[in-house]
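Here the structure comes first, spelled out in structure tokens, and everything after it is commentary.
What follows is calculated from the coordinates using simple rules that are stated; it is not laboratory data. These numbers were taken from a predicted model, which means no experiment stands behind them.
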Amino acid sequence: MTLNTIIIATLLMSPFVSATTTQQKLVVGFGEKLPPFVFPQSNSGLTVDIITAALTPLGYKIEALYYPYTRRAKDYKKDKIDVVADINLNTANGNLLKGYLSSESYVYENVAVALSKNNFNLSKIADLKNYSLLSWPSAAIHLGDEYANMVKANPRYNEIHDQSLQVKFLYLNKVDVIQMDKQSFNYFRANIKDIDTTQKIDRFALFGKSPNGYLFKSKKVRDDFNVQLKKLKESGEYKQIFDKYLE
């Protein structure tokens, strides 16, 4: 065996070579300003860390892009991104997105929030049609038919991209009710410093949990992700990711 043959054989057995030679860039579309799920300034957050932890060991390189939900859907259709986050069957079908949906990867738990002093009594989604309601983009698609019907019946329903403004408008009495994930609400309330967020609030769990995942252009990459996601859960690393942001 020649010296060159020995060198080549040694390199082929190296774990570093297998990772770099099979590396494939994946452009993933995430939302903006969605703590604790997405922190664009640090390329981190629950949804960012989950797909990164799952696919990086297989040699995939995650390139994260952050922008509003409607733009994510449009760029996915235009083949500008390979994967889009925050997808379930409602959003995939509602936005006519074709691809391969992952296993359930994380869950949003959306709640309606109102100031306690208003004494609102909300027992079902339809009750929201009687109040000014500020939500997030494409909620009417994401949360199903009952929510969509309420939106159609509510002339004071609006959606806004910057969810920190939802919390501010609530505490400034500019809106009766806001609708958002409870963890995101907790984060914004704790970190908003320019207004008083100590007023008591009521939370109404009208929507149930909203399982979400990632929509892939490639079936192979989706299948790779599902296998790795299962391993993350079995190893405890998945829980560690959540504990990092939700402690």
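Numerical summary
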| item | result |
| --- | --- |
| Length released on extending from S103 to K193, taking residue separation times 0.36 nm less the Cα-Cα span | 28.6 nm |
| Sum of -39500 (n - 2.57) over DSSP H runs of 4+, divided by residues of the chain (222 nm, nearest 500) | -12000 deg cm²/dmol |
| Karplus-derived HN-Hα couplings along the range 87-103 (A = 6.51, B = -1.76, C = 1.60, θ = phi - 60°), whole Hz, x at Gly and Pro | 10, 10, 4, 4, 6, 5, 6, x, 9, 6, 8, 9, x, 10, 7, 6, 5 |
| 27 Å Cα-Cα threshold exceeded, pairs from K61/K182; K77/K124; K209/K244; K61/K209 | K61/K182; K77/K124; K61/K209 |
| Computed over the range 181-241, Kirkwood Rh from alpha-carbon pairs, angstrom | 15.4 Å |
| Convex hull projection area averaged over all views, the range 29-102, Cα basis, nm² | 4.9 nm² |
| Antiparallel %, DSSP beta bridges [both residues in the chain], to 5 | 60 percent |
| q = 0.14, 0.17, 0.19 Å⁻¹: log10 I(q)/I(0) that the Debye formula gives for the range 44-152, counting C-alpha atoms only | -0.71, -0.94, -1.08 |
| Average projected area [Cα convex hull, the chain], square nanometres | 16.1 nm² |
| Extent along principal axes [Cα atoms of the range 109-209; Å; largest to smallest] | 36, 26, 24 |
